[in-house]
Amino acid sequence: MDLIDIGANLTHDSFDHDRDAVMQRARDAGVVQMVVTGASREHSPQALKLAQSHPGELFATAGVHPHHASEYTTECDAEMRALHQHPEVVAVGECGLDYFRDFSPRPAQRRAFEMQLQIAAETNKPVFLHQRDAHADFMSVMRGFDGRLGPAVVHCFTGSRDELFDYLDQDWHVGITGWLCDERRGQHLRELVRNIPANRLMIETDAPYLLPRTVKPAPSHRRNEPMYLAHIVEELARDRGEEVAVTAANSTATARAFFGLSG
């Protein structure tokens, strides 16, 4: 079974001591390609560098997460535009709004989000989106770009039924993570994932974050890795009432079409 992890933070410093081993464990678990998330001014160039060192296996996004929106200056915008000249960078983002933590002021978040959507509109690249506790403003900003954007994926979906259907009504894609496996916070997703059409559903680990709580035995370090994508797809298939091979094949085909990845 061939899997694609559409969101792995492989530039995170927790992988610095064993990144090659992490990648090998992912391969052994059936993960054939990964999209390395670029989520800041510092890490987006690192994501590109990592993708360039593993052609055909790793790809990158380039963007600035709303947590870091305060760093999105004119100079930063120029840096992001330069990164998007590289073919290994397959999506704009991670970008969006996060009112749960408000690590950057909300006006700065909206400005950074709009500037990155402008890059997507000009390059026609897919957008890799983040939204938490900001649904109304998020939809408002996205509506300002109606008809100007290519494909969009709401990464690491954890929201409500209404939010999910708002996204699906726009023909956006949805990324599902190990949040699905969290009996404290993710139980509602067990029912919701049945509503996502196969050609809109993709899977991701968001490693090193969101270690699936149902992995047994639980690793002592609590670091998530791309190899656990196989566990996520098993849980997802069960909740959708599908064979694991079907969920895996469909999500892989959808990811390749969305990001323009060769098989």
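The values are calculated or read from the model by the stated rules, or taken from the named source; none is laboratory data. Here the structure is a predicted model, which means the values were calculated and not measured. Cβ: placed from backbone, ideal geometry, glycine included. Neighbour counts: every protein chain shown. Quick note on the areas: whole protein, heavy atoms, side chains included, nothing else; ligands and nucleic acids left out. Shrake-Rupley method; radii C 1.70, N 1.55, O 1.52, S 1.80 Å.
Here is how the numbers come out for the structure above:
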quantity: The stretch 40-153, relative contact order in percent, only Cα pairs under 8 angstrom and at least six apart counted; calculated: 25 percent
quantity: DSSP H segments from the chain that extend 24 Å or more along their own axis, Cα-based, with Kyte-Doolittle mean of -1.0 or above; calculated: 106-123
quantity: Answer label, with percent of Cα pairs over 31 Å apart calculated from the coordinates and candidates (1) 57; (2) 26; (3) 18; calculated: (3)
quantity: With at most 12 neighbouring Cβ atoms within 10 Å, loop GluC sites (Glu not before Pro) (DSSP) excluded, longest segment of the chain; calculated: 43-182
quantity: Cα pair distances in the stretch 111-208, grouped into 10 Å bins until the bin that holds the longest one, percent each; calculated: 14, 49, 30, 7, 0
quantity: The chain, relative contact order in percent, only Cα pairs under 8 angstrom and at least six apart counted; calculated: 20 percent
quantity: Mean residue ellipticity (222 nm) of the chain, computed from DSSP H runs ≥ 4 via -39,500 (n - 2.57), nearest 500; calculated: -11500 deg cm²/dmol
quantity: Tensor-based shape of the stretch 173-216 (alpha-carbon gyration tensor, a/c under 1.5 rounded, otherwise prolate or oblate); calculated: oblate
quantity: Surface share of carbon and sulfur [accessible, 1.4 angstrom probe, percent] for the chain; calculated: 48 percent
quantity: Euclidean distance of C-alpha centroids, the stretch 54-75 and the stretch 238-263, integer Å; calculated: 25 Å
quantity: HN-Hα J in Hz across the stretch 125-130 - Karplus 6.51, -1.76, 1.60, θ = phi - 60°, x for Gly and Pro; calculated: 7, x, 10, 10, 9, 10
quantity: Order of exposure, largest accessible area first, which applies to Ser262, Ser251, Ser160 with probe 1.4 Å; calculated: Ser262, Ser160, Ser251
quantity: Amide proton proximity set for Ala91, modelled H, under 5 Å, gap of 5+; calculated: Ala62
quantity: Most mobile listed residue (Phe100, Phe165, Phe145) in the chain, GNM with C-alpha springs under 10 Å; calculated: Phe100
quantity: For the chain, built as a Gaussian network whose Cα springs stay under 10 Å, the top-fluctuating residue of Leu229, Leu192, Leu129; calculated: Leu192
quantity: Tensor-based shape of the stretch 210-261 (alpha-carbon gyration tensor, a/c under 1.5 rounded, otherwise prolate or oblate); calculated: oblate
